[in-house]
Amino acid sequence: MSSDEDEAFRDFVAGQRRALLRTAYLLAGDHGHAEDLVQVALLKTHRHWARVISRGDPTAYVRRVLVTTHTSWRRRRASTEQVLETMPDQAGPAVPERDDELLHALRTLPPRMRAVVVLRFYEDLSEAQTAELMGCSVGTVKTQSSRAMARLRDLLTPAAPDRPVPTTSRKAGRP
């Protein structure tokens, strides 16, 4: 890699690191995993940097690497997860209660649904851009988005208190 390409990569990382970390955090749900995810995605991107920048803005490429890497990690981790006796302390900034509820609900979604929600609503990408990043059709993005939003609504909408069922009394002769 030439020194100009190396400098361009450093500039890209400096300019996009926070946005990539935010996306990775929303995908992974944990600050440590998010940092690892960004580091791996940048490593994979660095290997092909000359080809990536020759095609234009590398941001979309790196986002796609984040999504695919996260999905493959989730698949791998699902078969190797271990139950712990106690939960370790979690590092990271405190988030407001409602944001914490949303992040928890987001973590319950399957990886593809979560990726669609993050890319569409947090990264503000169009359906076509999201489909391109995820390597699927626009229809799939729409379906995954609709299903994800329905699940999130179910999880985040407070249950209505039990209300007594109104009884109707009909007088004779009235319909």
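Any read-out appearing in this document is the output of simple, stated calculations on the displayed coordinates, not a laboratory observation. Just so it is clear, the model here is predicted, and its values are computed rather than measured.
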For segment 1-77, alpha-carbon Rg over 2.2 N^0.38 Å: 1.08
Table column - 3J(HN,Hα) (Hz), segment 52-63, Karplus curve with 6.51, -1.76, 1.60, x for Gly and Pro: 5, 6, 5, 9, x, 5, x, 4, 4, 4, 5, 4
Gained length - Ser126 relative to Ala8, 0.36 nm times residue gap less alpha-carbon distance: 39.8 nm
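So what's segment 8-52 giving for Cα Rg divided by 2.2 N^0.38 Å, two decimals?
On the way: Rg = 10.7 Å, N = 45, 2.2 N^0.38 = 9.3 Å.
For segment 8-52, the normalised Cα radius of gyration comes out at 1.14.
Dividing the Cα convex hull volume of segment 95-158 by residue count, how many Å³ per residue is that?
75 Å³
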